[in-house]
1. Give the residue, chosen from B:GLY271, B:GLY295, that is surrounded by 24 or more Cβ atoms within 10 Å (Cβ to Cβ) and on the phi > 0 side of the Ramachandran plot.
2. In segment B:188-210, is there at least one residue being outside any helix (DSSP H, G or I), more than 21 Å from the chain's Cα centre (by Cα) and surrounded by 23 or more Cβ atoms within 10 Å (Cβ to Cβ)?
3. Which condition from (1) within 24 Å of B:ARG166 (Cβ to Cβ); (2) out of contact with any Asp or Glu (no Cβ under 7 Å at 6 or more places or on another chain); (3) of a type in the set (Val, Ile, Thr) is the one that B:VAL338 breaks?
4. Somewhere in segment B:104-118, is a residue surrounded by fewer than 17 Cβ atoms within 10 Å (Cβ to Cβ) and assigned to a helix (DSSP H, G or I)?
5. In the set A:ALA54, A:ALA67, which member is more than 13 Å from chain B (Cβ to nearest Cβ), surrounded by 16 or more Cβ atoms within 10 Å (Cβ to Cβ), in contact (Cβ under 8 Å) with a residue 24 or more places away in the chain and over 25 Å from B:LEU116 (Cα atoms)?
6. Go through segment B:142-178 and give me each residue that's within 13 Å of another protein chain (Cβ to nearest Cβ) and either touching a Phe, Trp or Tyr at 6+ places or on another chain (Cβ under 9 Å) or in a helix (DSSP H, G or I) (or both).
7. Could you list, ordered by first residue, the pairs with Cβ atoms under 9 Å in which the first is in segment B:67-91 and hydroxyl-bearing (Ser, Thr, Tyr) and the second is crowded, with 20+ Cβ neighbours inside 10 Å and assigned to a loop (DSSP other than H, G, I, E, B), at least 6 apart or interchain?
8. Please state which of the following conditions B:GLU139 fails to meet, knowing it meets all the rest: (1) crowded, with 19+ Cβ neighbours inside 10 Å; (2) within 14 Å of chain A (Cβ to nearest Cβ); (3) not in a loop (DSSP other than H, G, I, E, B); (4) not hydroxyl-bearing (Ser, Thr, Tyr).
Amino acid sequence: MTRIRVIGVGNPYRRDDGAGPAVIAGLRHRCPPTVKLAECDGEPTRLIDLWDGADLAVVVDAVRSGAPPGTIHRRSLRHPSFGRAGCAASHAVDLGDAVALAAALDRLPTRMLLYLVEADNTSTGVGLTPAVEVAVAELVDEIAEEVTWRATRR
Amino acid sequence: MSHRNDRALTVGSLSRVEGEGALHVRVVDGRVTDVRLQIYEPPRFFEGFLRGRGYTEPPDITARICGICPVAYQMSACLAIEDACGVRVDGPIADLRRLLYCGEWISSHALHIYLLHAPDFLGYPSVVELARDHRSIVERGLAIKKVGNAILEAVGGRAIHPVNVRVGGFYRVPTRTEITALAAPLQEALEAATATVDWVAGFPFPDFEHSHELLALVEPGRYAVLDGVIRTDRGIGFPVRAFEEHIREEQMPHSTALHARLAGRGRYLTGPLARYALSGPWLLPEARAAADAVGLEPVCRNPFRSIVVRAVELVQAIAEAIRLVDAYRPFAPAAVPVLARPGVGYGATEAPRGTLFHRYEIDKNGCITAARIVPPTSQNQAAIEDDLRRFVQDRLELDDHRLTHECEQAIRNHDPCISCATHFLELSVERS
């Protein structure tokens, strides 16, 4: 059986930084029960524990790269262009560090898909800005389809 | 360039949940004239969020202030609300709270020692490079941290922002099986933590001493975490409810965070160095033995050696968790009733990085009308600036890159939340 984890990284109390957890909320009841959904604040050891041993880890996080708000960046683990500088991780060390640490410890999932949503507003407060809300809805559909297909294929 | 007599180091800022930090150091004629650590304290916003909310809500709302020490916020909030309502919680509920708190100390201290602080001493830019060269050591740290997380999950319901804590106790009492499952991993963690003390004690430490007054909760008979009175190493003592009479917060022009000072006395330091100095006699035998084995003196005044003290506290938290797990029996009810009444309540506990104070005012309907949170970060701000001022003065011969790195290390001595931010800070130099 394919072990699949979907991890939403971010803090819902920092508006658009909550894009990851919002995607997880949208995916509930949209995925096969074998697909494990998790929210994470991005602390690297928790991230590593969440994806360790998975065949596929789908990670959703907010990002600030200068692209228009709501832009979705899609990366696989093999894309070295994903760097730490643009991450809007709202905690401790960021996703790039977690990936690098997991690589050093040989604890990466077999495959990782990263979905990074361009944030507009990461100030204190709850609620997503309209462009990010649209991106989150799009990602929920896309990831639900992706993981359902992978979890159920023979 | 770096040997100029006039220079300014400016470390830029980054937005973070736990705080936004920036460091500015000015040197004129070879003397450090100004050190400003600028931290924005998010709890101020939370104090606003809390007004108008129900008296049972602070444990869940304030847990969101920090992803590393949510239990500290939950516990200080519970104690303060219960104090306002005239309830004191003890017995098995208090023991289970203490076990939960041990989980947070284990997780937070292991994170700080292995992932944030140790790379500084060993010449690595981050834990990633450390892991490439010393994989088994980093794995040991992660294994210890995982045991802390396991406690948080078993007692708190989940590792981040536990959901099982409520005013008066817990929503659900863990089964005996859930708690005894922690025993074997804790025994392994005890061995790993003892080895950690030995490992970090061998690091090279700068010759540096602070002169801060040390402040912590003290509960004679045991290493204070969730109870006790506030004391300093210079003889000041007062109950938690008198915190605001003795601790004054001052507005500093350079920072939106308030600087806390002991009234009529000045800066002070809270956290592991203070706790160890004030509660050291009540360390459990395992922790005492670990401290003695590396020759840790009764009062450690070198902030760089806080990593050793933190490792001793790691042993302490694990040894205490082992005892609490052994003694655990499920109990009922999971929480004692706490009925709202108008009043003011105070609570303080020892968060991994220092004393965390909460005050709530509640009206007759159980609605919060005022809230005050004084986190250890703002209490330590003046002490950290003083460390930096004296530390930089003796190292002006270093180039800006090296000096900035050492300043960041000096900040990391005290506070993992700021440490997180400093990982991202970029240096710019302006010459006057």
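The values are calculated or read from the model by the stated rules, or taken from the named source; none is laboratory data. Everything quoted here is computed from the prediction, not taken from an experiment. Note that we place each Cβ from the backbone using ideal geometry, even for glycine, and neighbour counts take in every protein chain shown.
1. B:GLY271
2. No.
3. (2) is the only condition that B:VAL338 fails.
4. Checked against the condition, which is being surrounded by fewer than 17 Cβ atoms within 10 Å (Cβ to Cβ) and assigned to a helix (DSSP H, G or I), segment B:104-118 yields no hits at all.
5. Within the list A:ALA54, A:ALA67, the selection yields A:ALA54.
6. B:LEU142, B:ALA143, B:ILE144, B:LYS145, B:LYS146, B:VAL147, B:GLY148, B:ASN149, B:ALA150, B:LEU152, B:GLU153, B:VAL163
7. Correct list of pairs: B:TYR73/B:CYS66; B:TYR73/B:PRO375.
8. (1)
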